[in-house]
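Please read the structure below before turning to the comments.
The values are calculated or read from the model by the stated rules, or taken from the named source; none is laboratory data. What you see is a predicted model; the values in this text were computed from it and never measured. FYI the Cβ positions are ideal-geometry reconstructions off the backbone, even for glycines, and counts take in every protein chain you see. The protein model used for the area step is the full one, side chains on, heavy atoms only, and it has no ligands, DNA or RNA in it. Shrake-Rupley method; radii C 1.70, N 1.55, O 1.52, S 1.80 Å.
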Amino acid sequence: FDKMDEGDRTAIHEVMEQQTISISKAGITTTLNARTSILAAANPARSRYNPRMTPEENINLPAALLSRFDVLFLMLDRPSHDDDLQLARHVAHVHAHGRHPPREGGEVSVDLLRHFVAAARARDPVLPRAVADYVVGAYVQLRQQYKAGLQARTSGGASGGASGGPRASGSGPGSGPGSARSNIGNTTPRTLLAILRLAQAHARVRGAAAVATEDVDEGLRLMDAAHVTLDAQPAGGQHGLFGERGAARADAVSAIFALMVRLARTAAVASGSLQLLQLAYGDVLDRVRDAGYSEADLSRCVTQYEDINVLQVNLTRTRITFVDASAVQAAQ
């Protein structure tokens, strides 16, 4: 997904939101149905996932596009002796024998799988009134959990969930600890559509003519399982995604300002003058992200130092200027 042209990614917005595609070519203007499932994969923007940054910043795709997917799973290449050994043996077997190693328990033939998928797609499960009420209750509870999480983060406390309702266990999307950093799992009306689509898909797999409450529960479980992977990134000072334990993260504003000071000193040495120190905003942002901070951290840093008249940013946010060169000389 990360290798697609910007125009192609923009064209997908209508397909995923309205299930239609507008065509205007050779004097023909029409709208066609585009009802299909979309499975996409994307690599980290900087070749390796940075656990200090949000999934949006790591993938470097617009949140408006990511929010159109019903579920998003974060798959990390974590060092594991057993998994690494199994993968290495598999690759070595393929190169040595020219075929995949036999699987335990047999395999499902491609033809059988195609027939099963075709039979499942031919079904159109209906949504009974009782199940519809169950979905409504689950969605309202998710919204309450999301609201409670927002209030808890605002007050600095732990997030809590609403009690009662059809779904008493598990944390809803947007209520986990990682939702303070990521906007992907926010509970919106799209979440309700995702629950309905997943429930109907599970009913098709079962070969049922109607959606049941267990189909809704399975859809909610899948969304929870996906969100748990996005919430796996801890706050500073906790165990990291790769099992390491780092020191408490320094204050982001101070760390970013120190980074900009170093860049300004390098520029001053190159130019031989401290009269007017300017940095390209894009270059600073790249260095900030490489250091594990986000664009929001940079914006907060710039705003605070603008208030005390140390930095200035032009209206187009392309250039950062040090108002007082003595700040660069004095900062360590």
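When the accessible area of region 3-76 is split by element with a 1.4 Å probe, what percent falls to carbon and sulfur?
Using a 1.4 Å probe with all protein chains present, region 3-76 comes out at 53 percent carbon and sulfur.
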Task: For region 280-290, 3J(HN,Hα) per residue [Karplus equation, 6.51 cos²θ - 1.76 cosθ + 1.60, θ = phi - 60°, Hz, x = Gly/Pro] - done: 6, 4, x, 5, 5, 4, 4, 5, 5, 5, 4
Task: Whole-Hz ³J(HN,Hα) from phi, Karplus 6.51 cos²θ - 1.76 cosθ + 1.60, for region 216-228, glycine and proline x - done: 5, 4, 5, x, 5, 5, 4, 5, 5, 4, 5, 6, 4
Task: By average C-beta atoms within 10 angstrom, highest first, the peptides 10-23, 204-217, 97-110, 134-147 - done: 134-147, 204-217, 10-23, 97-110
- [ ] May I ask you to order 258-264, 196-202, 285-291 by the average number of other C-beta atoms within 10 Å around their residues, highest value first?
- [x] 196-202, 258-264, 285-291
- [ ] Could you tell me whether region 43-128 comes out rounded, prolate or oblate from its Cα gyration tensor? Rule is a ≥ b ≥ c as square roots of the eigenvalues, rounded for a/c under 1.5, then prolate if a/b exceeds b/c, otherwise oblate.
- [x] oblate
